[in-house]
Amino acid sequence: QVQLVESGGGLVQAGDSLRLSCAASGRTVSSYTMAWFRQAPGKNREFVAAISWSGATTYYTNSVKGRFTISRDNAKNIIYLQMNSLKPEDTAVYYCAGGRPSRSDLPREYDYWGQGTQVTVSS
């Protein structure tokens, strides 16, 4: 089993930056696609970004392209999400997920989930 623990969330102002971390334990996640999703109050869980097992390929939802960067350190079993130029609409609970998805943007394709970390962006 894989346990995922997110950290790095907080309250920031629009235009600020945050870096989220997702620490994996239990077993290595180096062979898994890893992703970040987010969920705002009253909304469905939304795909943010994903990274292939090697780190060679990344995917982003359109609204974060050019502002967010997903990366991974397989030696440390950690996945990162660097978030720049944050906007109020980025406010959500951010979740880390891992698995071998057929489609990287679908939550149901992932086997492992963290508990989430709150990101709040004030205007």
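The table for this structure:
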| item | result |
| --- | --- |
| Matching strands (runs of 3 or more DSSP E) fully within the stretch 62-123 where at least 1 residues are aliphatic (A, V, I, L, M) and within 17 Å of ALA40 (Cα to Cα) | 78-83, 92-99, 117-122 |
| Hits in the stretch 107-122 - residues which are under 13 Å from the mean Cα position of the chain (by Cα) and over 17 Å from GLN3 (Cα atoms) | GLN118, VAL119 |
| Filter result for VAL93 (modelled with pLDDT of 95 or more, open to solvent by less than 10 Å² (accessible area, probe 1.4 Å) and farther than 11 Å from THR33 by Cα) | no |
| Among residues of the stretch 10-37, those that are assigned to a loop (DSSP other than H, G, I, E, B) and either surrounded by 14 or more Cβ atoms within 10 Å (Cβ to Cβ) or at pLDDT 95 or above (or both), counted | 7 |
| Single residue of the stretch 55-65 satisfying the filter (in contact (Cβ under 8 Å) with a residue 12 or more places away in the chain and open to solvent by 10 Å² or more (accessible area, probe 1.4 Å)) that is nearest to GLN1 (Cα to Cα) | GLY55 |
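The values are calculated or read from the model by the stated rules, or taken from the named source; none is laboratory data. Since the model is a prediction, treat every value here as computed from it, not as a measurement. Here the Cβ is made from the backbone with ideal geometry for all residues, glycine too, and neighbour counts use every protein chain on show. We work out accessible area using only protein heavy atoms, side chains counted, and drop any ligands, DNA or RNA first. Shrake-Rupley method; radii C 1.70, N 1.55, O 1.52, S 1.80 Å.
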